[in-house]
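Here is the structure we will look at.
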Amino acid sequence: MEIEQTNRLRIAGFVVLTGALVLILAGCAAMLVIATRAAALADPHTKRVLARLAWLAAAILGLALLLLLWAVMRFVANRIRPRGQRTPTAYVNAWAVAGQRFKLQEADEEQDEGDQDDLPQE
């Protein structure tokens, strides 16, 4: 018996991840361009702040680009690689197995010594 596995969820997750990374890339690229253009006309203190912002945007841009490339390569590799036939595992009734493992001890007819203390005094 084969298990039919659809890749709809995997493809949907890939599309969401790729879309988010593309938005991050676009936002960081825009921030990088805006910060470098504004730094050309700014005073020295503001120029340093904008330069730091531009470096941060460039670092995040590079990281997002690496993540996007990794996600695309992984998706393509999973699509190309042939999959073996999958078979379901055998059904195991966990409650029945637990019941077989659990053994009750026979209740003794004699009471414990401390049981007499629990009775109310008359």
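Readers should treat all values here as calculations from the given coordinates under stated rules, not as data from a laboratory. The shown structure was predicted, so the numbers you read here are calculated from the model rather than taken from an experiment. Cβ placement follows ideal geometry from the backbone for every residue including glycine, while neighbour counts extend to all protein chains displayed.
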Neighbours of Met31 by Cβ distance under 13 Å: Lys/Arg at +1, Asp/Glu at -1, summed charge +2
Taking a ≥ b ≥ c as the square roots of the Cα gyration tensor eigenvalues, with a/c under 1.5 meaning rounded and otherwise prolate when a/b beats b/c or oblate if not, the range 8-102 comes out prolate
Under the definition of Cα pairs under 8 Å and six or more residues apart, what whole-number percent is the relative contact order of the range 8-102? 30
Note, ³J(HN,Hα) from phi for the range 74-79, Karplus 6.51, -1.76, 1.60, rounded to Hz, x at Gly and Pro: 5, 5, 5, 4, 5, 6
Counted charge near Leu50, where neighbours are those whose Cβ lies closer than 11 Å (Asp, Glu -1; Lys, Arg +1): +3
